[in-house]
1. Which value, in debye to the nearest 20, describes the size of the charge dipole of the stretch 230-356 about its Cα centre when Lys and Arg Cβ atoms bear +1, Asp and Glu Cβ atoms bear -1, and nothing else is charged?
2. Based on a Kirkwood Rh over C-alpha pairs, give the Stokes-Einstein translational diffusion coefficient of the stretch 232-379 at 20 °C and viscosity 1.002 mPa s in µm²/s.
3. Which is the longest stretch in the chain that no exposed loop site breaks, taking sites as GluC sites (Glu not before Pro) with a DSSP loop state and at most 12 other Cβ atoms within 10 Å?
4. On a full-extension model of 0.36 nm per residue, what is the gain between residue 195 and residue 232, subtracting their alpha-carbon distance, rounded to one decimal in nm?
5. Testing the spin-label approximation: label points 7 Å from Cα along Cα→Cβ at residue 276 and residue 114. State their distance in nm.
6. Along the Cα→Cβ direction, 7 angstrom out, place labels at residue 129 and residue 40. What is the inter-label distance in nm?
7. Looking at 98, 61, 10, which one has the Cα that reaches farthest to the positive end of the dipole of the stretch 6-115 (charges on Cβ: Lys, Arg +1; Asp, Glu -1)?
8. Between residue 100 and residue 31, what FRET efficiency follows from the Cβ-Cβ distance if R0 is 51 Å, with the result rounded to 0.05?
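Just so it is clear, none of the values below were taken in a lab; they were calculated from the coordinates. This structure is a prediction, so every number in the text was calculated from the model and none was measured. Positions of Cβ are backbone-derived with ideal geometry, glycine not excepted, and every protein chain shown enters the neighbour counts.
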Amino acid sequence: MADRDDGEILALVRDFVDREVRPQARDLEAADAYPEQLIEQMKQLGFFGLLVPEEYGGVAATTATFAAVSAELARGWMSLSGAIGGHSVICYLLHKFGTDAQRRRYLPALATGATRATMALTEPGGGSDLQAMRTRAEPQATGGYLLSGTKTWISNAAHAGLFGVLCRTDPGADPSHRGMSVLLVEPGPDVSVSDKLGKLGYRGVEACEVVFDDVAVPAEAVLGERSGEGWAQMMRGLEIGRIQVAARAVGVAQAALDDATSYAQQRTAFGRPIWQHQGVGNLLADMATKVQAARLLMIDAAAVVDEGRRADMEAGMAKLFASEIAMQVALDAMRVHGGAGYSTDLDIQRYFRDAPLMIIGEGTNEIQRNVIAAQWIARHPL
């Protein structure tokens, strides 16, 4: 896929979603079944290497194209977009901050999906307060670290061949974020992954608790040239992550809008299609406007990243707005469908269950508002 242009990539994704994903997503989701066959097809199509440079076997897609692909996958089934989310953030971090040796070691296998990666940030009781994390990597006389701690709600944990673990390598640092590093940790006997946690939505792809029990980690596992830079690195990575979550929300909202649009033209009431009734027509008009606005915020945030500029405010805006409208559009699509929308025989209820994840994931929307406000003031001083 590396030699394709953006239009060809998106056409490829749309065809995959319409031909392979949508016909079986409802059954896989209802069974909470891991989509092994679809994941394998995604590997073959190059979706796991979107943010990997071509020299390492990747696609080297722009952030804008990565976001658009993520939205298309979510239009088919949000869980598939989640399967490339944290993986792609780790690819980005390795490309942006990794040493030459780290890039050579990991990126070729990550590009093909032969190795899958995931972020390990959230801790039990910690949530979005990453600076309160307790996971520590104690320096050893040998030059490496001994990693201990628990992370939770880690997507794709059971299938991960590489964990990007944000942890404290210098607990005495002041401020505390200067003592954090990202460690590149491979599975082993001292890394325990729980059974998948039960979830309201985002089913099929697992989220697990991961315990690092005195894991011996070599010094070269620290992302980049030196320790203590993990907080700044991960904040840049989360810009990508939040754009991707915005894209997932756009995809879910688009799917709900598409289904509502079709139903409103097919269903009749009082002698005419229901979209011609003002109550339903107004819903469709508002839904379409919200989805378009969310997509444009997503595109804007991705463009800022592609220009090499700081994008925490733009990514936060995209994630905040897109996730909130995904929830509203899913609910409004249910209103358009009436009683049928409440049935498990249709996909509307799945969109409604998937949408809340984007509101609370990758930093809650309350956190996004804090980030947006701080950056807005910083960019508009008196």
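1. On the way: 13 positive and 14 negative charges, 27 e Å.
Computed about the Cα centre, the dipole is about 120 debye.
2. Details: Rh = 16.0 Å.
It diffuses with D of about 134 µm²/s by this estimate.
3. On the way: sites that count: 225, 307.
Between exposed loop sites, the widest span is 1-224.
4. Working: separation 37, 0.36 × 37 = 13.32 nm, distance 3.15 nm.
10.2 nm is the gain from fully extending residue 195 to residue 232.
5. 6.0 nm
6. Modelled inter-label distance: 4.6 nm.
7. The listed residue farthest towards the positive side: 98.
8. Details: r = 44 Å, r/R0 = 0.86.
Efficiency, from the Cβ-Cβ distance: 0.70.
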